[in-house]
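> Pasting a structure below so you can have a look.
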Amino acid sequence: MKAHSIIPGFYPTLGYTLFYLGLIVLIPLSTLVFKTFELSWPAFADSISNGRVLSSFRVSFLTALAAALVASVFGGIIAWVLVRYRFPGQRLLDALIDLPFALPTAVAGVVLATIYQPNGVLGKLLKQTFNLKIAFKPAGIVVALIFISLPFVVRTAQPVLQEFDTSMEEAAASLGANRWQTFLRVIFPNLLPALLTGFALAFARSIGEYGSVIFIAGNLPFVSEIVPLMIITKLEQYDIAGATAIALTMLLLSFALLLLVNLLQRWVRQRSGQL
Amino acid sequence: MSISIAQLNKRFGAFNALNNINLDIPEGELAALLGPSGCGKTTLLRIIAGLEWPDSGRVIINGEDKTQAHASHRGIGFVFQHYALFRHMTVFDNIAFGLRIKPRRQRPAESVIRTKVHTLLELVQLDWLHDHFPDQLSGGQRQRIALARALAVEPSVLLLDEPFGALDASVRKDLRQWLRTLHRELHVTSIFVTHDQEEAMEVASRIVVLNKGKVEQQGSPSELYDQPANAFVSQFIGQTNVLDSHNHQHWLQSIGLGDDAHPGLVAHVRPQHITIEKTPTGLPPSIVLKDWQHLGAITRVELTGTKPDDGLPPVLHVEMPSEHFKQLQLFKGDAVNISIKQVQWFN
Amino acid sequence: MSTQIIVEQPDSTAAPIARRLAAQHDSLWVKYSLISLTLAFCTLFLILPLAVVLTEASAKGFAAYRQALVNPDTLSAIRLTLLTALITVPLNTVFGISAAWLITRFKFPGRSFLTTLIDLPFSVSPVISGLVFVLMFGAQGWLGAWVSTYDLKVIFAIPGIVLATLFVTFPFVARELIPLMQEIGKEEEEAALSLGASGWQTFLRITLPNIKWGLLYGVLLCNARAMGEFGAVSVVSGHIRGLTNTLPLHVEANYNEYNFAGAFASASILAALALVTLVLKTLLEWRQAQNRR
């Protein structure tokens, strides 16, 4: 199987890696598929085509999409500012970008709910000045998901900008391009694949996110109920079959989306010659 | 120790990296594995070292079949192309590594190790760098430390992968001479890989020319230069004028070389095997001096034909001692007569 | 470049140079508006939440804060969280090293597919990560009967929490080590082996010193997730106070009971953990950059 190598440990590491991967990840995940097979097709279709379940899919996908888009725009700007400009407090800010990675999601959820609830710091302000409600609405879900998404975009765009060959900008300038043209035609095409990756990571994470969302979402059926919560609700009602069906559907949908974004990314890379 | 390779084959997937290699390198030689990139020379060196395994064939070191032996039991010292110095260890610790990891019974005392490392550092003339880290060294210094590290375990064979490949041109020249001198002192059978024929000619006492996974020829530098086995070797080692009997038949015949004894063959003429003299004025010019470069002791002359259909190659290279060229008193555009002293015919 | 411009437009050299610079540098107003935007966005989304944890935790004064922390349920949640991390982090670290060694030091068919499989838990929702263990070990699960005959408790007990945490933190160490070891290459290890070192000697003396900062980095991230995981653990824990509540679950329980002081006291510990993680992470990144110079 392997090409002879002087480096030892092929069979032990192969064996251990596959064993542990199987035990912790593959066997448990495959249970999801096998459990679904125990369902009859009508029962399966029934449990995912239920109106409340369908609307939870809509809420999850739309809020994740919105959050990933907002995070991609702002994440791109933040990465640019962190790489290209120097200002006091910059290194601190750079370190803080990872806060959503490091902060347990339950804490994030509780804090965001506290901030945006009608008499929270921002909730009160927004309500009084713009008559805007965030908490216990889909908008609240989007806010929580932006928080979760931000580091994914910043941390994929940042290294690309750091390694960006600035002589390309000089070349564009020497050929007569102005700053905006240089950005649009030289910098942005090079940054786009990274932004797409960041978007995909953020989107994938947002769709499955649970902890940071449920406190701020309000969890109103048909309005602000997300798919992970639907799974838990079904479980609590001892409807294991229903929970399994929803979970598998969601898993397959997010894999399909990831695949789609991967293909898109490959296409962009090919078009911009970065293979 | 002598090294023999017998009927060695190695494939990487569909790619035939080495094809029935047979080699003999006598004890004490400094041999070069020479060939263009992708010819399999590095793979062959790594197989000799035991860093890679052949699909079939044998590696014999000092009469013993070592084909299946682990790298550490072959008595080889390997110098990696990018040196592979341990970046977290000082120069001293790098060199001492091979001694310190020996099983306790075979391990020399720390004082012995210390003396030995310093002796090696003196040998490579870098004792003053002993507490530096690899990051703090220049390319040439890293190369010499890598060599000292390989020598520390007293190998009977020294293998070097493109030892001068990553160095500046000027450093490379110095190090080539230094390696030759070192080899003369240590007399360890050594093999190095290179793609630079000049380097092989300058350093090696024996050259193995590889191309597309096959041995084209092996021998001393002068054998390879004077009696190339085939067109590839003739063109790869030194400069040569290539004249095929199809395109250049007319002209070859006009100078008495186009006889019927070599149908379909290609004539190789070394630049120094062409002599030129000034054509007496009045005769119609057939070959003229196009340009020349003074390279020190020798001068390289470029000749070209005057008529488009005379069957002459676009440029004919000639080399002669600069003294001689000066005596000829030639200028650009002057007509010359040539004669060819020696020619080799290849398929 | 500039001499050329002078030749072409001898009367106005300043303007073209200024224009050229403008093409390479953002104008000041762009620069300052982008910086302001970044600061505003980060204040809103990063600094404000952090500040709110701290103010809410201390809102009722130090006594209340202390009271919330020494509560036996809180203490038991802290213990369970530590225990879970103590089991899962070493297991996933050993796996990460093994997988990285396999993937970066050997060529074999299916290698890139294996790398994809290792990342799999990252693209699975935490809730599903918990659900799969319920499906395996729950009352109707295919191992449920086997588990109950031996009177073992997996779901709604500590083993379930450990398993779910193992699943969600599975890729962290491997993911950090694979690109690092790929970049370092195997030449140094080959050199050590050709000098007579054994496999273990090579690993301990050459590989480990080279990857130690990256390894610590992976362990740090793995630990942060192990201690902070909520969704997966929430599904398998059963929420039994003082028994199967981890610290994040304890935050939720208090919050849902409108015990905000208690919720934020526990949350402040987790926030402190996050800050320590960020500080260590920044230090490790700095060390790694130094190392790879």
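The values are calculated or read from the model by the stated rules, or taken from the named source; none is laboratory data. These numbers come from a predicted model, not from an experiment. Heads up, the Cβs are rebuilt from the backbone with ideal geometry, glycines too, and the neighbour counts pull from every protein chain shown. Please note that ligands, DNA and RNA were not included when accessible areas were found on the heavy atoms of the full protein model with its side chains. Shrake-Rupley method; radii C 1.70, N 1.55, O 1.52, S 1.80 Å.
> Consider all pairwise Cα distances in the stretch B:1-118 and report the whole-number % of them above 20 Å.
Of all Cα-Cα pairs in the stretch B:1-118, 53 percent lie more than 20 Å apart.
> Continuing with this model, one more query. Cα axis of helix C:48-57 to longest principal axis of chain C: angle in degrees, 0 to 90, nearest 10?
40 degrees
> Per residue, how many Å² of accessible area does chain C show with a 1.4 Å probe?
I get 45 Å² per residue for chain C.
> For B:Leu295 and B:Glu223 in one chain, what is 0.36 nm times their gap in residues minus the Cα-Cα distance, to one decimal in nm?
Length gained between B:Leu295 and B:Glu223: 23.4 nm.
> Please pull out the direction-averaged projected area of the stretch C:109-265, using the convex hull of its alpha-carbon atoms, in nm² to one decimal place.
About 13.2 nm², averaged over all directions.
> At a probe radius of 1.4 Å, figure out the B/C buried accessible area, summed over both chains, and give it in Å² to the nearest 100.
1800 Å²
> Can you give the Rg to Rh ratio of the stretch B:264-347, both from alpha-carbon atoms, with Rh computed by the Kirkwood formula?
That ratio is 0.97, to two decimals.
> Grab the DSSP H runs of chain B that are 4 residues or longer, score each as -39,500 (n - 2.57), total them, divide by all residues and round the 222 nm result to the nearest 500 deg cm²/dmol.
Result for chain B: -8000 deg cm²/dmol, rounded to the nearest 500.
> Using Cα atoms only, what is the angle between the long axis of helix B:91-100 and the major principal axis of chain B, expressed in degrees (0 to 90) to the nearest 10?
Between the helix axis and the principal axis of chain B, the angle is about 60 degrees.
> Viscosity 1.002 mPa s, temperature 20 °C: give me the Stokes-Einstein translational D for the stretch A:77-160 in µm²/s, with Rh taken as the Kirkwood radius over C-alpha pairs.
150 µm²/s
> Quick check for you: with a 1.4 Å probe and neighbouring chains kept, what is the accessible area per residue of chain A, in Å²?
That works out to 44 Å² per residue.
> Moving to a separate point now. Do any trypsin sites (Lys or Arg not before Pro) in the stretch A:69-125 lie in a DSSP loop with no more than 11 other beta carbon atoms within 10 Å, and if so, which?
Answer by residue number: A:Arg86.
> Oh, and also: Running Debye on chain B with equal point scatterers at the Cα sites and no solvent, what base-10 log of I(q)/I(0) appears at q = 0.10 Å⁻¹?
Debye output, listed in q order: -0.73.
> Report Rg/Rh for the stretch B:45-91, rounded to two decimals, where Rg is the Cα radius of gyration and Rh the Kirkwood radius.
Computed over Cα atoms, the ratio is 1.07.
> In addition: Taking all protein chains in place and a 1.4 Å probe, what share, in percent, of the accessible surface of the stretch C:79-140 do carbon and sulfur account for?
The C+S portion of the solvent-accessible surface of the stretch C:79-140 is 72 percent.
> To the nearest 100 Å², how much accessible surface do chains A and C hide from each other in total, with a 1.4 Å probe?
The A and C chains share an interface burying roughly 7700 Å².
> If you take every DSSP beta bridge fully contained in chain B, what fraction is antiparallel? Give it as a percent rounded to 5.
Rounded to the nearest five, the antiparallel share is 70 percent.
> Go ahead and estimate [θ] at 222 nm for chain C from helices alone: -39,500 (n - 2.57) per DSSP H run with n ≥ 4, summed, over the residue count, rounded to 500.
-24000 deg cm²/dmol
> Right, next: Leaving out same-chain residues fewer than 8 places away, which lysines sit with a Cα under 18 Å from that of B:Lys278?
In chain and number order, the partners are B:Lys290, B:Lys326, B:Lys332, B:Lys341.
> Would you mind computing the Rg to Rh ratio of the stretch C:238-293 from its alpha-carbon coordinates, Kirkwood style for Rh?
Rg divided by Rh gives 1.28.
> Still on this structure, please answer the following. Do any trypsin sites (Lys or Arg not before Pro) in the stretch C:119-203 lie in a DSSP loop with no more than 15 other beta carbon atoms within 10 Å, and if so, which?
Passing both the DSSP loop test and the Cβ count: C:Lys153.
> Okay, next question. What lysines sit close enough to A:Lys234 to cross-link, taking a C-alpha to C-alpha distance under 30 Å and skipping anything fewer than 8 places away on the same chain?
In chain and number order, the partners are A:Lys35, A:Lys133, A:Lys137, C:Lys153.
> Can you divide the C-alpha Rg of the stretch C:109-158 by 2.2 N^0.38 Å and report the result to two decimal places?
Against the empirical 2.2 N^0.38 Å value, I get 1.51 for the stretch C:109-158.
> Pop out the Kirkwood hydrodynamic radius of chain C from its pairwise C-alpha distances, inverse of mean 1/r, in Å to one decimal.
About 23.2 Å for chain C.
> With viscosity set to 0.890 mPa s at 25 °C, what whole-number translational diffusion coefficient in µm²/s follows for the stretch B:1-66 from Stokes-Einstein and a Kirkwood radius over Cα pairs?
Translational D for this selection: 202 µm²/s.
> Can you compute the charge dipole magnitude of the protein assembly as shown about its Cα centre, using +1 on each Lys and Arg Cβ and -1 on each Asp and Glu Cβ, nothing else charged? Give it in debye, rounded to the nearest 20.
The calculated dipole for the protein assembly as shown is roughly 2320 debye.
> Excluding residues on the same chain fewer than 8 positions from C:Lys281, give the aspartates and glutamates whose Cα lies under 15 Å from its Cα.
A:Asp94, A:Asp98, C:Glu176
> Among A:Ile134, A:Leu145, A:Ala172, which residue has its Cα positioned farthest towards the positive end of the charge dipole of the stretch A:120-275, with +1 placed on the Cβ of Lys and Arg, -1 on the Cβ of Asp and Glu, and the dipole taken about the Cα centre?
Value: A:Ile134.
> Could you compute the net charge surrounding B:Ile274? Neighbours are other residues with a C-beta less than 9 Å from the C-beta of B:Ile274; K and R count +1, D and E count -1.
For residues surrounding B:Ile274, the net value is +1.
> While we're here: Rounded to the nearest 0.05, what FRET efficiency do A:Ser30 and C:Leu86 give with R0 = 25 Å and r taken as the Cβ-Cβ distance? Could you check?
0.30
> How big is the Cα convex hull of the stretch B:207-270 in projection, averaged over all directions, in nm²?
Result: 4.9 nm².
> Which whole-number percent of Cα pairs in the protein assembly as shown have a distance greater than 58 Å?
When every Cα pair of the protein assembly as shown is considered, 30 percent fall beyond 58 Å.
> Sticking with this structure for a sec: Relative to the longest principal axis of the C-alpha atoms of chain C, give the angle of the C-alpha long axis of helix C:260-292, reported between 0 and 90° and rounded to the nearest 10°.
On a 0 to 90 degree scale, this one is about 50.
> Let me ask something else. Accessible area per residue for the stretch B:97-204 in Å², computed with a 1.4 Å probe and the full protein assembly in place, what is it?
On a per-residue basis, the stretch B:97-204 sits at 47 Å².
> Starting from the eigenvalues of the Cα gyration tensor, five times each then square-rooted, give me the equivalent ellipsoid semi-axes of the stretch A:38-271, largest first, whole Å.
37, 24, 14
> Say the dipole of chain A comes from +1 at the beta carbon of Lys and Arg and -1 at that of Asp and Glu; which of A:Phe44, A:Thr114, A:Thr233 then lies farthest toward its positive end?
It is A:Thr114, whose Cα lies furthest towards the positive end.
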